[in-house]
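Below: one structure, written as structure tokens.
Read-outs throughout are calculated quantities, based only on the coordinates presented, and are distinct from any laboratory measurement. None of these values were measured; they are calculated from a predicted model. Counting neighbours? That spans all protein chains shown, and the Cβs are built from the backbone with ideal geometry, glycine included.
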Amino acid sequence: MQIMVKKKNPDGLVRLETWGEIRDILINEDFLHPDKESVSVCFRGKSSSGIVDFSPKEIEHIYSISRKRTGLIKGVKILSDK
């Protein structure tokens, strides 16, 4: 997993980039407030780690977009001119 982030500091715009392996996916549910559920993706790299939280709508959107676009490259043939 690779993450690229832009963050505004008093010095200006800072770009952060890190990568790591996905270690765990947590589904956070609240029985009293079911509209506040979220999905947390936990990752850990060599010198960095973090958690990315997604709402259920964001997860559904990511899934629908990636489902449509997967398999687009399967039918490509490379023809060489020899």
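Worth a mention:
- The range 22-70 - Rg and Dmax from Cα coordinates, angstrom: 13.1, 38
- The overall shape of the chain, judged from the alpha-carbon gyration tensor, is oblate: a/c is not under 1.5, and a/b is no greater than b/c.
- The residues neighbouring Ser38, those whose beta-carbon lies less than 11 Å from its own, together hold a net charge of -4 under the Lys/Arg +1, Asp/Glu -1 convention.
- Loop sites in the chain: GluC sites (Glu not before Pro), DSSP, at most 14 other Cβ within 10 Å: Glu29, Glu37
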